[in-house]
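What follows is a set of notes on a single structure, which appears directly below.
The values are calculated or read from the model by the stated rules, or taken from the named source; none is laboratory data. These numbers were taken from a predicted model, which means no experiment stands behind them. Every residue, glycine among them, receives a Cβ derived from its backbone with ideal geometry; neighbour counts consider all protein chains shown. In case anyone asks, the SASA skips ligands and DNA or RNA and just uses the protein heavy atoms, side chains included. Shrake-Rupley method; radii C 1.70, N 1.55, O 1.52, S 1.80 Å.
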Amino acid sequence: AASRAPGGPNVCRLLTRRAHGFYARDAGVAHRKNLGLLRKIMCQESTKFKNVWTTHSLSPIAYERGRIYLDNYRCCISSIAREPRILYQKPKCSKSEKIEDALLLECPLGEMLPSPSDYKSSLIVLTVQNWLLRLSADSGEILEKIYLAGSCCKFRYLSWDTPQEVMVIKSSQNKLPAAARQVSIQQSVLFYLAVFQVLPLSFIGMLEINKNIFGNSVTDVAVSNGILIVMYSMGLVRLYNFQAISKQFMEQPFDLGHEFNWNGQVGVVGKYPFGLPCNIKITDTPPLLFEVSSLENAFQIGGFPWHYIITPNKKKHKGVFHICSLKDNALAKNGIQDMKCCSLEPDWIYFHPDMSGRIIHVGPNLIKVLKLKEVKNDTDQMEVAEDFTIAANREKCVNNAVTVTASGRVVKKRFNLLDDDPEQETFKIVDYEDELDLLSTVAVTQIGADGRAHLDFHCNEHGILLKSIPLLESWDVTYSHEVYFDKDLVLHIEQKPNRRFSCYVYQMVCDIAKDDECSSHEKTERVFCKKGGRIFEY
């Protein structure tokens, strides 16, 4: 009541003033100013991105927060230095120690942690032999080691339930050998899921996904934001409350490193050879939260109020997206999005990762950023409206089906050009840099035998083009590509045939040749950048 009294503090006003930097002692103020300055410097015409390092590998290359990992995470290279340098390189290991998956773990803010090493970034890795290791991100030293399970299941995938808080480890799908199927041996357990709280690393529970409970046609499962997602071969997607399942069906909680007596076995939780007990036993079908049918199980939730995106479960509807209310399944006004693309690669759609509730729809030559808004005179219904669009730079040409030659002969085309024809500029990647609030796009054009790509930065609020960076290496559209834009770093990873990988690193550099054309303020920024090589702190 006091806060609402006339002249009392207003929360919205306080937050706005803090965002504008009125409170100099606020730790976030300097950080926001630094990022704003970095964005301005980056988008200056004289600022360039230079290819400073290139490497090739016969094993996959991964990138996480300024670190490049080679040789199955055995070699770690820092991309933060003026030229990438090796942080650590571990000795070669046997195939049994191969890493299947990895997640970067960063220290939470404002929490007291039991070990000094917990305050530094670490890498959680999963090995072929079901070992979960926490490694120092700077040295590769093993900080924690947990044995998950024996040969009964093969854990293979790491993911976040809640980013940097709750981690999920999923097994590959259990399949019986052909000989066992021929003699009618039944396998009821399809997947295993192990769930951990991180920093400090603690065991929450392990459960089975059993076909006697969830059905025979389960093809995949996941846990995200406290929801157990079960996918079926016929395109069905079912959602369950994972927290409610854990509470209802947990037989006994266990702590890592403690002795246990479980089903006649005595051992230590997380130690070889016993591993982790399967202490969440689902004995009955849990309450269903939501169910929907979608082509290829494609299903996303987002927006405000909550909406979901699906493709009707028929092949003829591929490329057609329905945006519906999660509350009552009602289709939003203008909720059917169809670019009517004629292309080899389909268009794709997803909720904007900036938490604005907007939707990004990407086609070969057009990017639409959509927003949800109330329908006039009907507050119960939402409408999908266009916020802005980004178009590929293509020459306008008339694609006539019939042409007449100089001699008067009529020539009929037997086919039309595809929307993603390699000789026309085509969007391949769209991403969002959250710290700089920039929308990045990669567009490719095939010129003769070579493909040329450029990375563009757009204003996330209005879609205005702020800067374009050419990528010097040739881009083959038949290869697999990943492009990372991380503050003042651009990194391109390419996978060629026969498991050949390449990594190209670009860093921001400032061209001071044009300083005379700039204001004194701009000169100060450029000189500072030149002296420091790269900008990390101000």
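The table below lists the values:
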item: Listed peptides 69-78, 342-351 by packing density, highest first (mean Cβ within 10 Å); result: 69-78, 342-351
item: Protein accessible area in the chain, 1.4 Å probe - carbon and sulfur %; result: 51
item: Solvent-accessible heavy-atom area per residue, rounded to whole Å², over the stretch 301-414 at 1.4 Å; result: 65
item: Computed FRET value (nearest 0.05) for GLN265 with LYS373, which takes r as the C-beta separation and R₀ as 41 Å; result: 0.10
item: Eligible aspartates and glutamates near LYS92 by straight Cα distance, threshold 14 Å, same-chain separation 8 or greater; result: ASP71
item: Global geometry of the chain, whether rounded, prolate or oblate, following the gyration tensor of its Cα atoms and the 1.5 cut on a/c; result: rounded
item: Added length on full extension, which subtracts the Cα-Cα distance from 0.36 nm per residue, ARG156 to TYR119; result: 10.6 nm
item: Helix-only [θ]222 nm of the chain, DSSP H runs n ≥ 4, -39500 (n - 2.57) each, per residue, nearest 500; result: -3000 deg cm²/dmol
item: Amide hydrogen neighbours beyond the local backbone of ILE282, cut-off 5 Å, H modeled; result: GLU208
item: Additional length obtainable on full extension of the chain from SER233 to LEU465, 0.36 nm per residue less Cα span; result: 79.3 nm
item: P(r) of the stretch 301-414 over all Cα-Cα pairs, binned every 5 Å from zero, in whole percent; result: 2, 10, 17, 18, 15, 11, 7, 6, 5, 4, 3, 2, 0, 0
item: Linear extension gain, ALA81 paired with GLU345, 0.36 nm per residue minus alpha-carbon span; result: 91.3 nm
item: Charge sum, other residues only, whose C-beta stays under 14 Å from LYS376's C-beta, Lys/Arg counted +1 and Asp/Glu -1; result: -2
item: Förster radius 30 Å - calculated FRET efficiency between ASP431 and LYS50 (Cβ-Cβ, nearest 0.05); result: 0.90
